[in-house]
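The values are calculated or read from the model by the stated rules, or taken from the named source; none is laboratory data. Owing to the predicted nature of the structure, the values given are computational and were not obtained by experimental measurement. Here the Cβ positions follow ideal geometry from the backbone for every residue, glycine too, while neighbour counts run over all protein chains shown. Keep in mind that these areas ignore ligands, DNA and RNA; they rest on the heavy atoms of the full protein, side chains included. Shrake-Rupley method; radii C 1.70, N 1.55, O 1.52, S 1.80 Å.
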Amino acid sequence: MVEGWRDSMDRLALIPYSRVNDFVRGESNNKDCPSRFHVEARRRRPPTMNCKPKVDGILEYILYWCSFGPDDYRKGGNVRPSRPIAEKRKTPAGRPNTKRGCVCHFIVKRLIVEPSVALVIYNHNKHVDKKGMPCHGSMDKMAVGTKAMFAPYISDELRLQVMSLLYVGIPVETIMQRHTEMVEKQGGPSNRDDLLTHRYVRRLERKIRRSVYELDDDDAISIGLWVENNQDCVFFYEDFSDTDTFVLGIQTDWQLQQMIQFGSHSLMASDSKFGTNKLKYPVHSILVFDQHKNAIPVAWIITPNFAHGEIYKWVGALYDRAHTKDPTWQLGGFIIDGPLTDVRTIREVFHCPVLISLWRIRHAWHKNLVNKCSDIEKRSTMAKRLGDAISIICRGTGDVELFEAFLQDFVECAGFLDYFKAVWLPRLGAWITVLKATALASAQVASAIESYHHLLKLRLLNEADESVYWRADWLVDKLGTKVHSYYWLDEFSGKNSFSRYWRSEWSSGPNPWCQGMQIPDSDVVIEGNYASVVSQKNKEKSHVVLNPGSEFALCDCSWSMKGNLCKHVIKSAKVCRDRGLALPSLAMFHYYQALANLVHCPPSDTLISDHAMALAVSVKTQLDAVLCAVNGSSSIRPGFQDPQSTSKTREAEIEEANSENGVCTSQPQPGAGDDEDQAIRTGKRRKLGDASGDTEDGSIYQDSLARKKCKSGEASGDDEEASTEEGSRACESRKPGEASTNNEEVSIGQGSRDHEKRKSGEPPGNEGTSATQATEPSETETSQATNGLVRSLLPSSECT
């Protein structure tokens, strides 16, 4: 608050200049006095100045005034002198029939010394007339029953809804009929949007019908004109030059809102090569995933070339646009779909991990296998080999020799091999490098991106005249209008009211992953190398899935025959992994590997390092206990193994045992030099090695050491050099009455329950389940149990 003109107190504020439109929109949404602010006056300083600028000089001056003022057309009101314009305007500025003398206004100044900041000066912040009385809104008694109770225009949200419905072909009469039914259902108009008129909708429809994409015969000039007319939708633009290529980044306000809402602390993905063969310039889509796990485009980037070094031009502008809107916005992870993407730039800009999705490889290989190999058995074998090769490479042990052996073993399939050699063999080196160095995204993400890619093809490439595909102005116009409208309506809650006009472009629905999760397990039958999945539409029909559980499974349904990942493949893979018939997915393997590697990343400080090591070992032990519990108390744990070592020294065993009992290794143990205490500890260790099955009161410390012995191959007590697997088999071969149970690692609560069972004479562990019948836990159960355990063990101050 500062002293202003005529001893009045002005309100000042400093805001980012890029947020001025948001500020104006927010000031218009006043609950007591809804209004709209229009530009009453504007001044700009020319770019070149002959004199030295002043300290408080301005680049731009904008005066915003409430649309119910400043003139007063009410009886006895003051009206400013007419402008010196003889002809009468067809559309008078400021809606003069609604002028009621409101004095609310504010000034926006863009200073020379700080062009990125806007100085907002509020001279009058209340919606009153010169007499100080309310002149519109619910506080004005004279406005009751008139349009002055509401804002002078409909909201931007309703205008976007009407425009989207018109773009996808909904008639004007249908829009007005649905709107009238909604207003009558709520008991009459309650805001300005409820006063939507048929004339206004008809005017919007006429504007859409008369609009053209070809603003100039020259495509480049037409693009430049489109950018000038749609500045709010463009977050980056760079025209052709001697050194740079053409780049255009499109993002509407709605897309920015979706990016902030669904991208914060979540995943964002990239579909980088849409329309490479048909369009003049390919479309690079940036995607987020909504609450239904469907992909939503939040930005489109159009450029003729996507080399690995080109992404740095626009990715910073995209991040700044979201961060300016919400300074707390932070991305959780970015998913790429190609090996040439500039991963370093993405990590530096978004400050998040980068993952890679295999959907593009799997889709291309699957589609060409179906088209170029007619023998179903041979096709299944080739897909299995390709899936195994990718799996081995992602686990860090394979190389290009796997594909060379594949080419030698299937020489008879010349059609697919010719395609593979020509298109993919030169790219395999880059793909192998990035697959070994980057974590893999899950099949759920791949299914969502693939569904988006298919739907974008239906909505964009449906023109009768295909010659328009080679004009960039047609592409940017259709993306910003019709295609954007389809994706907006996908998130619109009232779209079911217009189901009569649905076409193939509207069919968004749940993606194949969500559909596969809805199939009951009883409808899946696994028999050898194939699975039978009952159709959910016709229970008398079943679909056959070849190579269930593999990364490249094949199905005989229509969606899979097009090269897509179908719901039957997803469901059969889940059932196979739940029953232990297939290894965990590659994404789950990387997840387990990251958890195991946490133990080998201690901080530099000694005290913090000891505490972190003790906590990490404790968490790892309890994670294994959770896996064993979900596994049915199985000792087979191929998914969560320490990749750096399989055996531990005596000192490491004692250190881990101390960590489980809450003893920090950096603190001196009481009586560490006392021979008597040392003898006691030695006796305990010897007593633990000679424990019999009749012992009923073994301590938790002894049980933990017994489990460590069992784990490192010392269960028999004779062979000190036995491997971990031999120790596990020795533990499983013990009698049920011995002190060490079938569970390889159990929590304290599980140990106490086994102790109770030994008292009652029941065998410990999982009743009726042998070690040879152990199954792998499902990925959903394992991740939920793991995440819950980690959240319960790690306080917020220690998560970092």
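Using the structure shown, list the pairs from Lys31/Lys141; Lys278/Lys457; Lys99/Lys131; Lys372/Lys574 with a Cα-Cα distance above 18 Å, or answer none. Walk me through the numbers before you get to the answer.
Details: Lys31/Lys141 16 Å; Lys278/Lys457 11 Å; Lys99/Lys131 15 Å; Lys372/Lys574 29 Å.
Result: Lys372/Lys574 exceed 18 Å.
Peptide packing: for 249-260, 336-347, 444-455, 186-197, the average count of neighbouring Cβ atoms within 10 Å per residue gives the ranking 444-455, 249-260, 336-347, 186-197, highest mean first. Could you tell me which of rounded, prolate or oblate describes the range 386-469, using a ≥ b ≥ c as the square roots of the eigenvalues of the alpha-carbon gyration tensor, with rounded for a/c under 1.5 and, failing that, prolate when a/b is larger than b/c and oblate otherwise? Oblate, because a/c is 1.5 or more while a/b does not exceed b/c. For Arg500 and Ile15, a Förster radius of 60 Å and the Cβ-Cβ distance give a FRET efficiency of 0.85, rounded to the nearest 0.05.
Summary of packing: across the peptides 581-594, 59-72, 373-386, the per-residue average of other C-beta atoms within 10 Å ranks them, highest first, as 59-72, 581-594, 373-386. In this simple spin-label model, placing a label point 7 Å from the Cα along the Cα-to-Cβ direction at both Gln291 and Arg25 gives a separation of 2.1 nm. Extension gain for the segment Arg199 to Gln330, taken as residue separation times 0.36 nm less the Cα-Cα distance, is 42.8 nm to one decimal.
When the chain is fully extended, how far beyond the present Cα-Cα distance does Arg44 get from Arg579, taking 0.36 nm per residue of separation? Before the final figure, lay out the partial values.
Numbers: separation 535, 0.36 × 535 = 192.60 nm, distance 7.10 nm.
That pair, Arg44 and Arg579, stretches by 185.5 nm at full extension.
If you count only protein heavy atoms with a 1.4 Å probe, what accessible area per residue comes out for the range 432-588, rounded to a whole Å²? Show your work: numbers first, answer last.
Values: 6590 Å² over 157 residues.
It amounts to 42 Å² per residue over the range 432-588.
To the nearest 0.05, how large is the calculated FRET efficiency for Glu412 and Lys367 if R₀ is 22 Å and r is the Cβ-Cβ distance? Plugging the Cβ-Cβ distance into 1/(1 + (r/R0)^6) gives 0.60. For a Förster distance of 30 Å, can you work out the FRET efficiency between the beta-carbons of Met517 and Gln177, rounded to the nearest 0.05? E between Met517 and Gln177, to the nearest 0.05, is 0.20. Model label sites at His351 and Met142, defined 7 Å from Cα along the beta-carbon direction, differ in position by 5.5 nm. Taking 7 Å steps out from each Cα toward its Cβ at Ser535 and Ile112 produces label points 7.6 nm apart.
The length gained on full extension between Met1 and Asp244, counted as 0.36 nm times the residue separation minus their Cα-Cα distance, comes to 82.6 nm.
Excluding ligands, DNA and RNA, what is the solvent-accessible area per residue of the range 310-351 at a probe of 1.4 Å, expressed in Å²? The partial results should precede the final answer.
Numbers: 1830 Å² over 42 residues.
I get 44 Å² per residue for the range 310-351.
I need the shape label for the range 512-583. Rule: rounded when a/c is under 1.5, else prolate if a/b > b/c, else oblate, with a, b, c from the alpha carbon gyration tensor. It is rounded, given that a/c, with a ≥ b ≥ c, falls under 1.5.
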